[in-house]
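Here's the structure, in structure tokens; my notes come after.
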Amino acid sequence: MSDSVELLRSMLRVRRFEERCVELYSQTKIRGFLHVYIGEEAVATGVMSVLEPDDAVVATYREHGHGLLKGMTARKVMAEMYGKVTGCSRGRGGSMHLFDKENGFYGGNAIVGGGFPTAIGLALADKMLDRDRVTVCFFGEGAMAEGEWHESMNLAQLWNLPVLFVCENNLYAMGTALSRSESETNLAIKASAYEMPAWTVDGMDVLAVADAARRAVDAIRAGGGPHFLEARTYRFRAHSMFDPELYRDKEEVLKWRERDPIDLLRNALDLDDQTWQQMEDEIAAEVEDAVTFAEESPDEDVADLMLFVYSPDSSAAGRI
Amino acid sequence: MGMFLMPSLGADMDEGTLLEWMVAPGDEVKKGQVVAVVDTAKSAIDVEVFETGVVAELLIEPGTLVPVGTPLARIEVQGAGKSAPDAASVVEPARVAESVVESAPEPVAEPAPSAPLPHLAPPIRHLMHQFGLKPGDVRGSGPDGQITRKDVLAAAGESGGIAVAAAPVPTIPAPPAPPSRPRVTPRARRLAQQRGIDLNAVQTSGPVTGADVESFTPKAKTPVDRSAAMRKATAALMSRAAREIPHYYVVNTFDITATLEWLREFNAGRKPRDRVLPAVLFLRATVLAAQAVPEMNGTWEDEYVPSAGVDLGVAVATRTGGLVTPRIVAAQDLDLSGLMAHLTDLVKRAKAGRLKGGELQPGSITVSSLADNGPDLLYGVIYPPQVALVGVGGVAPRPFVVDGELAVRTTVTVTVSADHRATDGRTGARFLAALGKALTHPEEL
Amino acid sequence: MATITYREAVRQAIRTAMKDDERVFMMGEDIGAYGGCFGVSMGLFEEFGPERIRDTPLSESAFVGAGIGAALGGMRPIVEVMTVNFSLLALDQIVNTAASLSHMSGGQFNVPVVIRMTTGAGRQLAAQHSHSFDGWYAHIPGIRVVAPATVEDAFGMLGTALADPDPVLFFEHGALYNSKGELPDDAGPVDIDKAAIRRAGKDLTLITYGGTLPTTLAAAGELAGRGIDAEVIDLRTLRPLDDATFVDSVRRTHRAVIVDEGWRSGSISAEISARITEQAFYELDAPIGRVCSKEVPTPYARHMEQAAIPSAEDVVRAAEAAMRGES
Amino acid sequence: MNDTQARELVLTALADVAPEIDTGTFDPDTSLRDGAELDSMDFLAYVSGVSEALALDVPEDDYDRLDTVNSAIAYVVEKASA
């Protein structure tokens, strides 16, 4: 399968997984908050495609796609959303707190901007240990109004840390349009104030995203210091499940849907129906298998409630 | 056939009002297509269908408020496909949609609290009702979101098994401040209780501390004259009985000549310490009668509460003229010798003022006996919250009709005082008859 | 045996740790070129260089978070937050990442970071620079909180804290920096689990930690003169709390007074009092006394500040009340 | 066993059951069950005391002979020497 077809398959896999989550949420199988990545798949897919396996990723609460693309199995993600012990975080994190040590996925974070310091810390460790590794920090444009963004951008550039900041600019921070939260709405220009290379890319064109990410990651690995990538994209569904979308009008959504990243690539590749259908069937099977696995997985034993508050071998374990 | 349910659109959404249908029966619908508008606590939200097919029937009228999970419409799934909307060929999905339709119940006979829910078998709905749970509260783990018994218990379990309904929370005016207790430290209370020291006797300037109790040496052994306090306690109890309990009495005299003869032989072979007194016979007979007529053996707390065992209260006159009624817990488990030994010990400690806390708790029925050269007849006052008292008169030779002839027999008159709120004459009489039968058939005692 | 100050003890501890383990490094505001706001890191910049003694911009959330990230990345960072007052800007990183990550990730990620902070009042720094939030942080499961009060602990606890797999908050009371104490030449790491009895006594138990230990020991000395033999317990760790040590002491003395520079409401002293009542209620011959800071933003004027924070006289008064069975 | 020993035995048994009786002033010829208000429980304990002190059985028929102090003393002397 050529790289491009692989990118198409990756995006479709995320799309179908997220659609199934919306359905399961409406049937009360998934609870809590649910933020899906439908419409923005090209950004994570493009960036992840240029990473090495042990590169690190720090994401946000809209992270199912990132987790899957960084190597987490659909089973572990779905079981986590069901709150089952077989989930990637033993059912304790849920949709907003997926973690996977083996795949270097340092989690979702429900605090907007909460992930920036973790990401630059990981990069600091890489730099001090001379490790040839890149840390990618995903965030929404809303996070750029948080103090942590300014502090972290400055520190990263100041200490020349190997970190790639990827801003998924989907034009709305929950219900607040970009122009109503940022004085400078050209986010790349805003980022360049920190003397950091900052580019804008069409977040709906996975090939463009991959190309930009490739250039940034190569520069970082060569010691070129942190880079900033603004991917202009759009979420086709509400911010979360309980959002009447009063802040944007339907025409705008339809306009962006015409540039659905999956359709764009599919048409560009002029893929034959037979290959497409095979992709659909394989993905449908994988998703259903994940749902069945989650349905049949056991809950965590309540007796383990206190487990891992402290490390099991610590003398503080089990004490308050 | 797919069932289109009221979707859950948020973590805290239990129910929704169908505002508007965007489709009609017979319309074709595609997966992801908006088919209705639902009003929630936040605002109206477009709701999409997750299956491609044809609308078979709309089940809910616009404007109806229904819990999450309620079926809103039936959709004939086109070949039960679950793939991309415009796909030509169709793949058999893991679960067949048709099975859901068969399980939809006919109109439910018993009154369903809300619109009929196909996923909820009546026992499940009843169980949820018991825990005050709504469909939205429970995550169905069975096929097609079927809610199982385990799910309900788990959901209830989450709230500790006790239904925590969001009921209006009253504000209670603070009751008047209680009279301040004498200042005694927790340690002092513990030591006093362990050493059987009466805290009132420990005189100190500040609060009574553990050290005070440790260094306290009780005054000379002469028993503390507590008759005044005891008199006050009895007075309070008796006036409460008079205020609250509508007494009625049933009386009978029994010829116990044979029984006493039986007792003489029973005692003949025993050392004095092990001999059984007539008083114990009345206790035993009362126990047997209480077991035969349980309506008399319990307490009145706005309604009658029968007692599991027979906790026999025994009225004991103390040497200083007071009266105390310690109880023998589970007296039904003691035979005559057991009752005698227990009674001897109880009376001895009652007279010395060294009864244990548990013994002073109210029993389930009381016997007041003046058998030793006492008056013929005794109308006793019931000890609240009990519902009956057995009064035993003096044992003495009296004229008595035997086989139509007048004869001199040793007899005893037993009065049963009973609480008319709990029982009626007929029950009191049945109890007295059972007591009499036991009293006159010693081999049964 | 050397007599050194508490400040030097902490510095030696940092130097020893950095020499023993390449992964150990320190970052914080003005710890390098300037030598540390309170002079703790004086000389370390010249000895270890800018890579391992990293001055940071005034970005508490970023550099505390970076310390957490670096710990995740395999380092053993010491993060110096100049004072606990500024740690409020990094509270989200400490609570929502450092303390929660291990449990929330199902045990995948532990965060071996040590965060050192100066704490406490008494140096006329006024309201914004005089807070005592050691007790606050002890409310949070997932982190350890230690409060070394002696030179030996100031030196010995840091090594143990760095070896701990979980985040350790290390509170140094400002008033202790100049205090002197003996440090044996072969002094090594000490435990961070147990409280210590600093003075044996039989009439009542005085429980304290960190900066108020000297105040409490002074009060115990005064009480001895008045015929009251007070036992003094230095908690040393606020989370987890070593309640066995102070509860056993109360079982012997039947009276307790807790000395805590935090504000009384919702303080660590309230938690200690609750644990004594839960575990030794029937041993008590007096209400549990508490001597805390007055619930007021710490004022600048010296006499006003002294009136606000716990004094030896306050402790003596509380102890005598306890002997009378009053609170 | 002489009178004084028998008196000692009877009065000890009586005091054990009814400590409030002043054996010095109590009329030795009045009925214990009526005069001293010993109820049947007390009287049985008193009889048991005498019986155990004598290490002899006291059948129910002999109860009347123990009903006053003097008759009890006579009874004890008689039984002890038999």
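Run the numbers on chain C and let me know its relative contact order in percent, using alpha-carbon pairs under 8 Å that are six or more apart.
Worked out over chain C, it gives 16 percent.
Give, in nm to one decimal, the length gained when the segment between B:Arg243 and B:Lys150 is fully stretched (0.36 nm per residue of separation minus the Cα-Cα distance).
Working it through step by step, the gained length comes to 28.3 nm.
Which order do A:Tyr37, B:Tyr304, C:Tyr300 fall in if you start with the one that has the fewest other Cβ atoms within 10 Å?
In increasing order of surrounding Cβ atoms, one gets C:Tyr300, B:Tyr304, A:Tyr37.
What does the charge add up to near B:His441, with Lys and Arg as +1, Asp and Glu as -1, over the other residues with Cβ less than 14 Å from its Cβ?
Net charge in that neighbourhood comes out at -2.
With just the Cα atoms defining each centre, how far is the range C:19-36 from the range A:74-124? Give it in Å.
Taking the Cα centre of the range A:74-124 as reference, the centre of the range C:19-36 is 31 Å away.
Could you compute the net charge surrounding A:Ser297? Neighbours are other residues with a C-beta less than 9 Å from the C-beta of A:Ser297; K and R count +1, D and E count -1.
Spelling it out: positives minus negatives among the neighbours equals -1.
Is there a quick way to get the dipole size of the protein assembly as shown? I mean about its Cα centre, with the Cβ of Lys and Arg at +1 and of Asp and Glu at -1; what is the value in debye to the nearest 20?
3540
Where in the range B:374-392 does the label zone of B:Glu303 land, with the point 7 angstrom along Cα→C-beta and an amide N cut-off under 19 Å?
B:385-387
Using a cut-off of 12 Å between beta-carbons, work out the net charge of the residues near B:Ile124 (Lys and Arg +1, Asp and Glu -1, B:Ile124 not included).
In short, +2.
Rank the residues B:Ile162, B:Ile60, C:Ile4 as a footprinting-exposure proxy: fewest other Cβ atoms within 10 Å of their Cβ go first.
B:Ile162, C:Ile4, B:Ile60
Assuming R0 = 41 Å, can you tell me the calculated FRET efficiency for the pair B:Lys271 and C:Asp229, based on Cβ-Cβ distance, to the nearest 0.05?
The formula returns an efficiency of 0.10 here.
log₁₀ I(q)/I(0) of the protein assembly as shown at q = 0.08, 0.10 Å⁻¹, via Debye over equal Cα point scatterers, no solvent, to two decimals?
Debye intensities relative to I(0), on a log10 scale: -1.00, -1.21.
Charges at C-beta only: +1 for Lys and Arg, -1 for Asp and Glu. How large is the resulting dipole of the range B:227-444 about its Cα centre, in Debye rounded to 20?
My answer is approximately 1020 debye.
Along the Cα-to-C-beta direction of B:Leu260, a point sits 7 Å from the Cα; which residues of the range B:389-409 have their amide N less than 11 Å from that point?
The answer is B:394-398, B:409, whose backbone nitrogens lie closer than 11 Å to the label point.
Let me check against my output: what whole-number percent is the relative contact order of the range C:196-323, with C-alpha pairs under 8 Å and at least 6 apart?
Over the range C:196-323, the number comes to 29 percent.
Kindly rank B:176-186, A:146-156 from highest to lowest mean number of other beta carbons found within 10 Å of each residue.
A:146-156, B:176-186
At 7 Å along Cα-to-Cβ for each site, give me the label-to-label distance between C:Met42 and B:Asn252 in nm.
Placing both labels 7 Å along Cα→Cβ, they lie 10.4 nm apart.
Calculate, for D:Asp34 and B:Glu405, the FRET efficiency according to 1/(1 + (r/R0)^6) with r their C-beta to C-beta distance and R0 41 Å; round to the nearest 0.05.
0.80
Report, for the range C:2-183, the % of DSSP beta bridges that are antiparallel, rounded to 5.
In the range C:2-183, DSSP labels about 15 percent of beta bridges as antiparallel.
With only Lys, Arg, Asp and Glu charged, each at its Cβ (+1 for the first two, -1 for the last two), find how big the charge dipole of the range C:57-178 is about the Cα centre; round to the nearest 20 debye.
100
Where the centroid of each part is defined by its Cα atoms, how far is the range A:128-190 from the range C:231-301 in Å?
The two parts, judged by their Cα centres, are 46 Å apart.
Along Cα→Cβ, 7 Å out, is where each label goes; now give me the distance between the ones at A:Ala222 and B:Arg426 in nm to one decimal.
In this crude label model, A:Ala222 to B:Arg426 measures out at 10.7 nm.
When ranked by the protection proxy of mean other Cβ atoms within 10 Å per residue, highest first, what sequence do the peptides C:228-241, A:207-220 form?
C:228-241, A:207-220
Picking from B:Leu435, B:Phe266, B:Ala229, whose Cα lies most toward the positive end of the charge dipole for the range B:227-444 (charges on Cβ: Lys, Arg +1; Asp, Glu -1)?
Farthest along the dipole direction, towards plus: B:Ala229.
List the relative contact order of the range C:150-216 as a percent without decimals, with contacts defined as Cα pairs under 8 Å and 6+ residues apart.
Averaging sequence separation for qualifying contacts and normalising by length gives 45 percent for the range C:150-216.
For the protein assembly as shown, what proportion of DSSP beta bridges, expressed in % and rounded to the nearest 5, is antiparallel?
Counting DSSP beta bridges with both partners in the protein assembly as shown, the antiparallel share is about 50 percent.
Which cross-chain or sequence-distant (5 or more) residues have an amide H under 5 Å from the amide H of C:Val113, H modelled 1.01 Å from N in plane?
C:Val168
Restricting to the range A:3-299, what percent of DSSP beta bridges are antiparallel, rounded to 5?
Of all bridge pairs located within the range A:3-299, approximately 10 percent are antiparallel.
Describe numerically, in nm with one decimal, the distance between label points set 7 Å from Cα along Cα→Cβ at D:Glu60 and at B:Glu444.
Taking the simple label geometry, D:Glu60 and B:Glu444 are separated by 2.1 nm.
Could you give the length gained by full extension between B:Ser180 and B:Asp12, i.e. 0.36 nm per residue of separation minus their alpha carbon distance, to one decimal place?
55.8 nm
No lab work stands behind these numbers, since they all come straight from the coordinates. Remember, predicted model here, so these are calculated numbers, not experimental data. Cβ coordinates were reconstructed from backbone atoms using ideal geometry, including for glycine residues, and neighbour counts include every protein chain displayed.
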